[in-house]
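Here's the structure, in structure tokens; my notes come after.
The values are calculated or read from the model by the stated rules, or taken from the named source; none is laboratory data. In this text the structure is predicted, and so the values were computed from the model without any measurement. Quick reminder, even Gly has a Cβ in these numbers, built from the backbone with ideal geometry, and neighbours come from all protein chains shown.
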Amino acid sequence: MPDGGAAGDERLRLRQCRGVGRRRAGLARGDASVGALPRRSPGGWSMIRRVVFLRHGETAYNRLGLRCGGDVDLPLTPTGEHQARAAGEALRGLGIERIVAAPLLRTRRTAELVQEALPGLGVTFHPGLSERRLGAWNGLDVAATQAWIEAGQTPPGGESEDAFRRRVNETVEDLLYANAMVPLLVSSRGVARVLRRFSGQEAGAGLGNAAVMELAFPLPEGGAP
């Protein structure tokens with residue numbers, strides 16, 4: 001876990017998230033009326049911010065069941081391009097107002113193909129949304145390395161789990177404070193796992209290629225803690 005104040009901040013945010021459990025089902029359905037709801041939190045009033053998340057389409061490593069971190073930049077396969085186009089059609093009507101993607105080839109191309117189905121929305125790229133850097137674990141079998149991930153081990157030449165969580169959480173928090181529009185975040189499976197935890201959800205099964213999930217984040221009113 002992060003040290004000192006960072007751990008305290010994360011625990012506070014998670015307590016705030018658990019306090020909105022009764023409303024989470026409605027938020028997950030994407031009700032337009034719950035884009036920003038005031039709630040009482042331990043530190044004062046907070047706003048519930050809705051986020052739509054899309055995992056990128058298939059890459060060659062995904063097809064082979066191999067690890068592919070943010071330090072390996074692979075393009076989409078033809079199947080991945082088809083998945084991204086289909087996701088764009090499925091995302092219509094969810095109230096998305098902007099698209100923010102990790103700058104890797106697989107996430108960038110997914111965002112561009114989704115944008116074709118959502119005309120008028122701009123796309124920006126943020127390195128803070130990139131997948132965890134996996135160093136020596138890149139190219140290894142996903143199933144064979146899952147225990148290392150779950151144990152919180154750091155890959156040789158890669159990014160620690162704590163650093164990865166802090167980066168992703170701080171990036172999303174900054175994005176939500178900077179702009180009130182509902183974002184579509186286009187990133188990777190590891191980022192989805194971190195954001196589920198950040199929003200107070202159970203980890204659940206890994207998100208499939210071009211799969212969509214919706215999350216609700218409570219933010220203290222008046223700025224980041």
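Residues that are surrounded by fewer than 19 Cβ atoms within 10 Å (Cβ to Cβ), touching a residue at least 60 places away in the same chain (Cβ under 8 Å) and more than 16 Å from the chain's Cα centre (by Cα) number at least 2 in the following helices (runs of 4 or more DSSP H) confined to segment 77-179: 78-90, 142-150.
The rows are residues; the columns are (1) out of contact with any Phe, Trp or Tyr (no Cβ under 9 Å at 6 or more places or on another chain); (2) modelled with pLDDT under 95; (3) under 21 Å from Phe53 (Cα atoms).
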site: Thr107; (1), (2), (3): no, no, yes
site: Glu112; (1), (2), (3): yes, no, yes
site: Gln115; (1), (2), (3): yes, no, yes
site: Val123; (1), (2), (3): yes, no, yes
site: Arg133; (1), (2), (3): no, no, yes
site: Trp137; (1), (2), (3): no, no, no
site: Gly152; (1), (2), (3): yes, yes, no
site: Ser160; (1), (2), (3): yes, no, no
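The set of residues in segment 44-57 that are modelled with pLDDT of 95 or more and surrounded by fewer than 23 Cβ atoms within 10 Å (Cβ to Cβ) comprises Val51, Val52, Phe53. Restricting Val182, Val194 to those that are closer than 19 Å to Arg50 by Cα, touching a strand residue (DSSP E or B) at 6+ places or on another chain (Cβ under 8 Å) and of a type outside the set (Asp, Glu) reduces the list to Val182.
Residues of segment 171-225 being of a type outside the set (A, V, I, L, M) and more than 29 Å from Ala143 (Cα to Cα), which ones? Even if it seems obvious, please write down each step before you answer.
Residues of segment 171-225 that are of a type outside the set (A, V, I, L, M), as a first pass: 171, 173-174, 177, 179, 183, 187-190, 193, 196-202, 204, 206, 208-209, 214, 217-218, 220-223, 225.
Within segment 171-225, Glu173, Asp174, Tyr177, Asn179, Pro183, Phe217, Pro218, Pro220, Glu221, Gly222, Gly223, Pro225 qualify.
Taking (1) surrounded by 14 or more Cβ atoms within 10 Å (Cβ to Cβ); (2) modelled with pLDDT of 95 or more; (3) of a type outside the set (S, T, N, Q) in turn, Gly208 satisfies each apart from (1). For segment 180-196, a residue qualifies if it is part of a helix (DSSP H, G or I) and surrounded by 18 or more Cβ atoms within 10 Å (Cβ to Cβ), and the qualifying residues are Arg189, Gly190, Val191, Ala192, Arg193, Val194, Leu195. Being at positive phi and under 13 Å from the mean Cα position of the chain (by Cα) holds for only one residue in Ala203, Ala210, and it is Ala210.
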